[in-house]
1. Would you order Asp51, Asp78 from fewest to most other beta-carbon atoms within 10 Å of each residue's own beta-carbon?
2. Please give, to one decimal in nm, the separation of the simple spin-label points placed at Ser66 and Trp54, each 7 Å out from Cα toward the Cβ.
3. Just rank Arg26, Arg74, fewest to most, by other beta-carbon atoms within 10 angstrom.
4. Once you have the Cα-Cα distance between Glu73 and Ser88, take 0.36 nm times their residue separation minus that, and quote the gain in nm to one decimal.
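Each reported figure results from applying straightforward, stated rules to the coordinates on display, with no laboratory input. Quick caveat, the model's predicted, so the values are computed rather than measured. So basically every Cβ, Gly included, is an ideal-geometry build from the backbone, and we count neighbours across all protein chains shown.
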Amino acid sequence: LLSFIILLFYFSQESLYTLLKAYTIRHPEKGYCQGQAPLAAVLLMFMPEVDAFWTFNEICERYLESYYDDGLERVQIDGDVLYALLKSIHPPIYKFLLNTDDNNNDNNRCCY
């Protein structure tokens, strides 16, 4: 069982790399952004690599066109919304994230 899990992780990691590399080659003007990996990983969990690539490509082109642009302004806005929701809905988690934030630097919020 353990060898199966290790093998699955290896191929999953390789598929994620391949998908993101292919997207970067297809869109050299946009390049790669670390925030793209979670979306790509979820797609790979539910569909074959080729289907995941084309789905990822369409999502990025149709719905997230400027989401990963320089400065990550839209990502930071989403981080601010997340913080506001956590502050009102679950203050302990909000306080935990605030305390672990690097000197409360707003640029780190997108990491959560």
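1. With the sparsest Cβ surroundings first, the list reads Asp51, Asp78.
2. Those two pseudo-labels are separated by 2.9 nm.
3. Listing Arg26, Arg74 from fewest to most nearby Cβ atoms yields Arg26, Arg74.
4. 3.1 nm
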